[in-house]
Amino acid sequence: MTPFNQPPPTLANQYDDDRVLRSYLQRALPPEVLAAIEPELKEMGNMAGGPLYAFQLADRLNEPRHAPWDAWGNRIDQIEVSPLWRAAEQLAARSGLIAIPYERLHGAWSRVHQMALVYLFTPSTDVYSCPLAMTDGAARTLSISGNTGLRSRALPHLTSRDPHGFWTSGQWMTESTGGSDVGLSETTARQDDRGTWRLYGRKWFTSAATSQMALTLARPEGNPAGGKGLALFYLETRDAQGRLDNILVHRLKDKLGTRKVPTAELTLSGTLAQPVMGLGDGVKNISPMLNVTRTWNSVSSVAYMRRAIALARDFARKRFAFGAMLADKPLHVDTLASMQAEFEAGFHLAFFLVELIGRDEAGEASEEERDLLRLLTPIVKLTTAKQSVAVCSEALECFGGAGYVEDTGLPALLRDAQVFSIWEGTTNVLSLDALRVASGGGALAALQQQISGCVSAVQEPALREAAGLAVRTAAAAADWLRAAGARGQSHIEAGARRLGLALGRSLALALVCRHAQWAIEQGDRQPLAAALRFAGEGLPRVGGDDPDLAASLAMDGPRS
Ligand SMILES: Cc1cc2nc3c(=O)[nH]c(=O)nc-3n(C[C@H](O)[C@H](O)[C@H](O)COP(=O)(O)OP(=O)(O)OC[C@H]3O[C@@H](n4cnc5c(N)ncnc54)[C@H](O)[C@@H]3O)c2cc1C
């Protein structure tokens with residue numbers, strides 16, 4: 001008797017199979033734009049669900065390798081990436097994953113065009129989205145820097161569709177003194193008599209260590225301490241002979257996830273560099289890069305949720321237990337429904353941010369929209385990252401033991417998703433960013449207005465109730481912020497994460513309700529189900545907590 005072998009989960013064309021993406025694009029995009037980009041989306045969806053996914057499973061055990069020396073004792077610091085990464089780089093360039101928003105063929109919709117492709121590409125390419133995000137961030141920063149020399153030197157490479165001319169960029173900020181408080185950075189910049197700048201210091205987390213260039217922070221000698229005393233520098237990693245330019249790679253990090261990403265610790269010992277925008281305000285000047293990488297993070301977070309659910313859904317149709325397929329077991333179906341609702345709300349949140357960036361870059365954003373963008377970039381990143389970890393964790397459980405077994409390829413989903421809430425700003429650090437913007441007043445009012453605008457479009461009675469929850473939660477959050485001012489800084493700071501999540505999830509609910517109303521009018525009631533389930537799970541509450549009690553709880557135990 002042959003033993004039973006469980007058929008593994010498989011993926012269909014990831015564009016055709018994705019109701020949420022297709023329905024969103026149908027509502028949001030002008031029909032001629034959708035018609036123009038749909039063939040690319042279909043092609044990427046086909047690769048992501050077919051050959052790329054198969055490649056990813058076959059490539060599972062290949063990880064980047066660092067060779068410090070060659071056979072003859074020369075220091076080479078060569079980093080070899082996995083075969084899938086090499087293919088992903090070519091595909092990314094050819095598909096214009098960086099080029100699209102700079103070519104801006106579809107005006108303000110070009111960011112949606114780009115990010116829809118990125119969303120399909122990302123879960124099948126082992127976090128190759130990491131160097132791409134930084135490349136896009138560098139391209140954006142250089143394009144608006146006013147530095148015409150650097151712009152014309154690097155931008156054609158960063159936005160090239162030719163894999164031979166394509167460059168990626170690193171974003172080297174984090175030092176061992178701190179990734180959040182980068183004002184503590186110790187790297188210094190020295191200028192010689194001929195005006196040439198060289199950098200000296202140790203960078204503690206440098207992903208995409210194989211990039212051709214990087215934007216980095218260093219303190220010009222004599223500058224004051226803190227973030228204002230840092231300057232933003234451009235460097236090329238290799239000299240004219242192809243040797244690393246005074247960069248010593250100590251080792252690659254041994255990480256929980258993102259294992260295909262070569263994240264290095266390195267020392268700069270006289271690396272040539274050029275200031276991008278003056279000799280101070282580095283933290284402020286690198287923020288356009290962070291806004292882009294945070295948006296990539298938001299899109300990647302929803303892409304991972306979608307992938308985890310697509311696999312779990314397929315498995316539910318193939319796994320038999322207690323007399324039926326899991327897809328026919330009410331409780332399993334209910335579990336999948338909650339995951340789908342979470343994903344669907346997160347999806348609309350992430351792509352709303354993408355729309356805003358597109359409008360801003362095309363010069364079409366109103367002042368309120370620009371305020372909103374400043375507030376939402378951290379909020380959407382932190383909200384979707386937390387969702388992604390929770391949904392990917394639940395998805396693993398949907399496979400039972402198989403979800404915990406490495407050669408199914410499933411555990412990598414959770415390990416990779418875990419990074420979304422850490423890099424590009426942790427949840428708390430982004431919450432404090434959002435708090436600073438919200439405290440200004442204008443952006444928070446714009447957000448409440450956006451939520452009310454979504455809700456006013458809603459006619460369906462069941463949806464109106466759900467949408468009302470979004471309005472009430474955002475209003476309660478705004479009330480809390482106004483009242484918290486009187487209770488002191490520590491009270492406000494302690495509530496910042498709840499504030500960020502309450503605002504993020506309120507907007508997500510409002511957006512999914514607006515979409516559901518539109519979908520009902522097209523005869524599709526599935527987004528309605530998502531909106532009702534998302535609302536039914538409740539929204540976070542801000543306030544009501546005493547920071548002193550929280551402090552004694554958090555730092556439990558004898559004090560030294
Ligand atoms: C896989 C991976 C790749 C990375 N790649 C890069 C890269 O390419 N380039 C780069 O520059 N960096 C990179 N990083 C670094 C990453 O951006 C930082 O690790 C991250 O920003 C956090 O900084 P930190 O590790 O110094 O933690 P810390 O800043 O020490 O934070 C520790 C904890 O304190 C909390 N915290 C900090 N300040 C506050 C506050 N004021 N209030 C409340 N809580 C606070 C944080 O939320 C966190 O929970 C990478 C990290 C990882 C994991």
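Miscellaneous remarks
- Hits among lysines - C-alpha to C-alpha of K255 under 29 Å, sequence gap 8 or more where chains match: K203, K381, K386
- What the phi angles of the stretch 356-373 give under the Karplus curve with 6.51, -1.76 and 1.60, with θ = phi - 60°, is a coupling list of 4, 4, x, 5, 4, 5, 8, x, 10, 7, 6, 4, 4, 5, 5, 4, 4, 4 Hz, glycine and proline written as x.
- Rounded to the nearest whole Hz, the Karplus-based 3J(HN,Hα) values (6.51 cos²θ - 1.76 cosθ + 1.60, θ = phi - 60°) of the stretch 230-239 follow the sequence 8, 10, 8, 10, 9, 9, 9, 6, 10, 8, with x at glycine and proline.
- Expressed to the nearest 5 percent, the antiparallel share of DSSP beta bridges inside the chain is 85 percent.
- Gyration tensor analysis over the Cα atoms of the stretch 244-373 returns equivalent ellipsoid semi-axes of 42, 26, 9 Å (largest first, whole Å).
- Helix content alone sets the calculated 222 nm mean residue ellipticity of the chain: runs of n ≥ 4 DSSP H residues at -39500 (n - 2.57) each, divided across all residues, give -17500 deg cm²/dmol.
- H106 accessible area, 1.4 Å probe, all protein chains in place, Å² to nearest 10: 40
- Counted over all Cα-Cα pairs of the stretch 117-252, pairs farther apart than 20 Å make up 50 percent.
- With at most 15 other Cβ atoms within 10 Å, longest stretch of the chain clear of loop GluC sites (Glu not before Pro) (DSSP): 1-185
- Inter-centroid distance (Cα atoms) of the stretch 485-525 relative to the stretch 388-430, Å: 23
- Relative contact order of the chain, pairs being alpha-carbon contacts under 8 Å that are 6 or more residues apart, as %: 13
- Counting only protein heavy atoms and a 1.4 Å probe, the chain has 42 square angstrom of accessible area per residue.
- Distance between the stretch 335-380 and the stretch 216-251 - C-alpha centres, whole angstrom: 33
- Taking chymotrypsin sites (Phe, Trp or Tyr not before Pro) across the stretch 46-97, the ones in a DSSP loop with at most 12 further Cβ atoms lying within 10 angstrom of their Cβ are W72.
- When a 1.4 Å probe is rolled over the protein heavy atoms, the share of accessible surface on the chain that falls to carbon and sulfur comes to 53 percent.
- Volume of the Cα convex hull of the chain, divided per residue and given in Å³: 193
- Within the stretch 168-240, the trypsin sites (Lys or Arg not before Pro) that combine a DSSP coil assignment with at most 10 other C-beta atoms in a 10 angstrom radius are R194.
- For A218, residues with placed amide H under 5 Å, excluding near neighbours: A231, F233
- Charges were assigned to the Cβ only: +1 to each Lys and Arg, -1 to each Asp and Glu. The resulting dipole of the stretch 73-175 about its Cα centre is roughly 360 debye.
- Whole-Hz ³J(HN,Hα) from phi, Karplus 6.51 cos²θ - 1.76 cosθ + 1.60, for the stretch 488-497, glycine and proline x: x, 4, 5, 5, 5, 4, 4, x, 4, 5
- Rg/Rh (Cα only; Kirkwood hydrodynamic radius) as it applies to the stretch 234-282: 1.07
The values are calculated or read from the model by the stated rules, or taken from the named source; none is laboratory data. In this text the structure is predicted, and so the values were computed from the model without any measurement. Reconstructed Cβ throughout: ideal geometry from the backbone, glycine too, with neighbour counts over all protein chains shown. Heavy atoms of the whole protein, side chains included, go into the accessibility calculation; ligands, DNA and RNA do not. Shrake-Rupley method; radii C 1.70, N 1.55, O 1.52, S 1.80 Å.
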